[in-house]
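I have placed the structure first, in the form of structure tokens, so that the comments after it can refer back to it.
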Amino acid sequence: MASHHAGARRDRAVRAVVEQGLLSPADPDRQIVALIDTDGIRASAAALVAAFAAVTDAPVLHAFAVKACPLVPVLSLLDACGLGVEVASPGELALARAAGLPPSRTVLDSPAKTPADLRQALALGIAVNADNLQELARLDALVASAPTASPLGIRVNPQIGAGSIGALSTATATSKFGVAIRDEGARDAVVRAYLDRPWLTRLHTHTGSQGIPLALMAEGVATAYELAEEINAKAGRQQIDTLDIGGGLPVNFTSDEETPTYAGYAGLLAETVPGLLDGRYGLVTEFGRSLLAKHGTVLARVEYTKTAGGRPVAVTHAGVQVATRTVYDPVSWPLRVLAYDSDGRPRTGEEVVQDVAGPACFAGDLLATARPLPLLRADDIVAVPDTGAYYFAHPYAYNSLPRPAVHGFTVTDDEGGVSFSTVRRAQSLAEIVAEAGGEHADALLDRRPGGSVEP
């Protein structure tokens, strides 16, 4: 479905949320809810597959980066779309397995894999990218001790520089990820590692994500391709048969337009690294944010409105607990805020500069500062789009605020009918207590003979 339909689908969903009682002023558990546009996800997955199919006939595994949206039903949906998964922890692997993802479409990346992590991956036949040469030594022992079907490779850092968000730039001179290929002796060590280990058949790189220019992403891929060509030439055979080129396609957070596109990036790779796509190398991609971000929306009630210093302030139920990155780093992670009335209709009228605040008990808990919007009123609804990745699926337990319910939605007919399905139910107060050690309430009391507890 075309991206310009996304706003219309969202508007229908907001109205349906009110009509079906998923957001209700009368229910304390329904002050905030998160929505996932399932048609939008399917469209993004199809666009990714088509983009690379247009530039190479080689096999391509598109492995969704689970960290971007670690929700089992979302992984199941992507599996149904033909995608695999990239996992970076035992927890993410457990989520992928719960969603039914097969080992053959699972890739394990992490800078801190334990021997147990590696042993499990090799026993299952999951692809593993070793982050460093010490990890490679662990793989030596495991491969020698038991046969494995796991495709194995090394992650390299091309050290080509940073994008606009340093924390997400993984190809800097001092990045914690991969073998720093431009450090003294590192490239020769990597080449030797492959020549000594015929079972190393993959090479992995990832330049970063949001804030990385496409040209820099392509340069990182080109660096890995050139290294693979060198290794294969010295081996006298096609030892490296697959390049894992990571993900990192940035997302437009300023409108509903989906730019840049997968087709644009695939076309840039075809221009920059044509040999990569001539059929000799299989590919793995690891996109995350770009598949999910545009298809998630947080909805929250406005509880109060007031003014401070002459500026209107709307206090809502969405803040740092669902938009942690935006609250703590608003310059890097600005989000749109859309205004709806209490019936779920888009609010119209003259725009007024105002703050949109969250419920947490600190001054910086703001979704937007000095933002022009139709003047919000108590019981209105704010919608925060583009939050499908790294937002509501990554709850931050400040003030013990509950995790919101997450619902997938589909527009079912031309009349605006909307069907919802529960992806994750809202967290209960009992679950908050249990997570905070409720069953061990007296664990710290003095148990020594003669000990007593101060009143």
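Observations
- Flag for Ser332 being part of a loop (DSSP other than H, G, I, E, B) and over 24 Å from Gly211 (Cα atoms): no
- Identity of the residue in region 256-273, touching a residue at least 12 places away in the same chain (Cβ under 8 Å) and part of a loop (DSSP other than H, G, I, E, B), that ends up farthest from Arg197 (Cα to Cα): Asp256
- Those residues of region 347-375 which are of a type in the set (S, T, N, Q) and not in a loop (DSSP other than H, G, I, E, B), in sequence order: Gln354, Thr369
- Members of region 226-253 that are in contact with a Ser or Thr (Cβ under 8 Å, 6 or more places away or on another chain) and farther than 25 Å from Ala45 by Cα: Gln239, Ile240
- Put simply, of Val337, Val382 the only residue that is under 20 Å from Gly7 (Cα atoms), surrounded by 13 or more Cβ atoms within 10 Å (Cβ to Cβ), of a type in the set (A, V, I, L, M) and free of Cβ contacts under 8 Å to residues at least 60 places away in the same chain is Val337.
- The set of residues in region 99-112 being under 15 Å from Val128 (Cα atoms) and surrounded by fewer than 17 Cβ atoms within 10 Å (Cβ to Cβ) consists of Pro102, Ser104, Pro111, Ala112.
- Selection count, region 101-149, where residues are assigned to a helix (DSSP H, G or I) and aliphatic (A, V, I, L, M): 14
- For Asp27, the test of being at pLDDT below 95, of a type outside the set (Gly, Ala, Ser), farther than 30 Å from Pro274 by Cβ and over 18 Å from the mean Cα position of the chain (by Cα) is passed.
- Residue satisfying all of: in region 398-424; assigned to a loop (DSSP other than H, G, I, E, B) and at pLDDT 95 or above; surrounded by the most Cβ atoms within 10 Å (Cβ to Cβ) among these: Pro404
The values are calculated or read from the model by the stated rules, or taken from the named source; none is laboratory data. Just so we're clear, the structure is a prediction, and the values are computed from it rather than from any experiment. Every residue, glycine among them, receives a Cβ derived from its backbone with ideal geometry; neighbour counts consider all protein chains shown.
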